[in-house]
Amino acid sequence: MTETPISLSDDRTPSATHVEVHSLTRRFDDLAVLDQLDLELSAGEFVVMLGASGCGKSTLLRILAGLDREFEGSVAVPERRAVAFQAPRLMPWKRVWRNVVLGLPGRPDRQLAESYLEEVGLTRHAEAWPRTLSGGEAQRVSLARALVREPQLLLLDEPFGALDALTRAKAQRLVAQLWQKHGCTVLLVTHDVEEALLLADRVVVMRDGVISREVRVDLSRPRDMTDPEFVELRSQLLTWLGALDSQGTSG
């Protein structure tokens, strides 16, 4: 398969639609992991993507991040993008602050790194080695490294998947605060339905390589998981994902 170019929008030009994906197909040998997929994200929107393992969620994120260009169809994204994965992927031989500005042009700017470490509550860890960090701390460094690039599109591929429940809840609140502060468009991939409803403006469900369902989450923030509307949306999503039958009984 030949490489397909990704259209990059001029970040200085405001647009109601920040990401446009049309007829996106990605094949691995004879298997179409993405099959004529269409998706649009509005500027500043927080979208969460759910779906079973192998449905193409991470493949889509890699394409939007520019890490995979062997696809068919059209993809238009902002030029300034950043991605954070489930594994923080920190360089163990570089101090935390140097990991934050890794890859930026020019000389490493410690002051810039520390300003973003402050946003994620890790200023005092600037000189630390990655091996001394907890899982939650390492993931916050990964977020700081993404945000220091001032992305207009932030892509998050299950960034909380390896965290314990308490650390995960704290990380979710942090991401919500950072999104509201920076105003970037966010696409988060997760398997956690409650996480999706706590964070999203819109939840999309992938199945067989396409967007099969979507729902807007018009609940006030911060969100309460005991709110009847939250509970109803949770049941709806679990039913779509096949975790509940139409009577709300787990299978």
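A few remarks follow.
- Residues of region 143-167 that are of a type in the set (Gly, Ala, Ser) and over 19 Å from HIS191 (Cβ atoms): ALA144, ALA146.
- Among the residues making up region 99-111, those that are surrounded by fewer than 17 Cβ atoms within 10 Å (Cβ to Cβ) and at negative phi are LEU102, LEU104, PRO105, ARG107, PRO108, ASP109, ARG110, GLN111.
- Evaluation of ALA138 against (1) part of a helix (DSSP H, G or I); (2) aliphatic (A, V, I, L, M); (3) within 25 Å of MET225 (Cα to Cα) (one fails), failing number: (3)
- Residues of region 120-169 satisfying the condition of being touching a residue at least 60 places away in the same chain (Cβ under 8 Å) and either more than 30 Å from THR59 (Cβ to Cβ) or polar (S, T, N, Q) (or both): GLN152
- Leading residue by the ranking (modelled with the lowest pLDDT) among those in region 85-97 that are surrounded by fewer than 21 Cβ atoms within 10 Å (Cβ to Cβ) and in contact with a Phe, Trp or Tyr (Cβ under 9 Å, 6 or more places away or on another chain): GLN86
- Qualifying residue in region 170-185 (condition: among the β-branched types (Val, Ile, Thr) and within 24 Å of SER42 (Cβ to Cβ)): yes
- ALA196 vs. criteria modelled with pLDDT of 95 or more and within 22 Å of THR59 (Cα to Cα): yes
- Matching residues, region 61-77, being crowded, with 21+ Cβ neighbours inside 10 Å and more than 15 Å from the chain's Cα centre (by Cα): PHE71, VAL75
- Flag if LEU143 is crowded, with 22+ Cβ neighbours inside 10 Å, at pLDDT 95 or above and either aromatic (Phe, Trp, Tyr) or not in a loop (DSSP other than H, G, I, E, B) (or both): no
Rundown of residues vs (1) acidic (Asp, Glu); (2) modelled with pLDDT of 95 or more; (3) part of a loop (DSSP other than H, G, I, E, B); (4) within 20 Å of the chain's Cα centre (by Cα), yes/no style:
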| residue | (1), (2), (3), (4) |
| --- | --- |
| GLU3 | yes, no, yes, no |
| LEU8 | no, no, no, yes |
| PRO14 | no, no, yes, no |
| HIS22 | no, yes, no, yes |
| THR25 | no, yes, no, no |
| VAL33 | no, no, no, yes |
| LEU37 | no, yes, no, yes |
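- Within region 86-110, the residues that satisfy the criterion of being closer than 16 Å to GLU137 by Cβ and not in a loop (DSSP other than H, G, I, E, B) are VAL96, TRP97, ARG98, ASN99, VAL100.
- Within region 120-132, the set of residues being surrounded by 13 or more Cβ atoms within 10 Å (Cβ to Cβ), at pLDDT 95 or above and assigned to a helix (DSSP H, G or I) comprises HIS125, PRO130.
- If the condition is being within 19 Å of GLY161 (Cβ to Cβ) and within 20 Å of the chain's Cα centre (by Cα), then region 97-143 contributes VAL120, GLY135, GLY136, GLU137, ALA138, GLN139, ARG140, VAL141, SER142, LEU143.
- Number of the exception - ALA52 against (1) more than 25 Å from ARG213 (Cα to Cα); (2) of a type in the set (A, V, I, L, M); (3) modelled with pLDDT under 95: (1)
- Breaking point among (1) over 23 Å from ARG80 (Cα atoms); (2) among the hydroxyl-bearing types (Ser, Thr, Tyr); (3) surrounded by 17 or more Cβ atoms within 10 Å (Cβ to Cβ), for THR185: (1)
- Verdict on GLU229 being without any contact (Cβ under 8 Å) to a residue 24 or more places away in the chain and either in contact with a helix residue (DSSP H, G or I) (Cβ under 8 Å, 6 or more places away or on another chain) or of a type in the set (Asp, Glu) (or both): yes
- Members of region 48-84 that are assigned to a helix (DSSP H, G or I) and out of contact with any Phe, Trp or Tyr (no Cβ under 7 Å at 6 or more places or on another chain): LYS57, SER58, THR59, LEU60, LEU61, ARG62, LEU64
The values are calculated or read from the model by the stated rules, or taken from the named source; none is laboratory data. These numbers come from a predicted model, not from an experiment. A quick note on method: Cβ atoms are made from the backbone with ideal geometry, for glycine too, and the neighbour counts reach across all protein chains shown.
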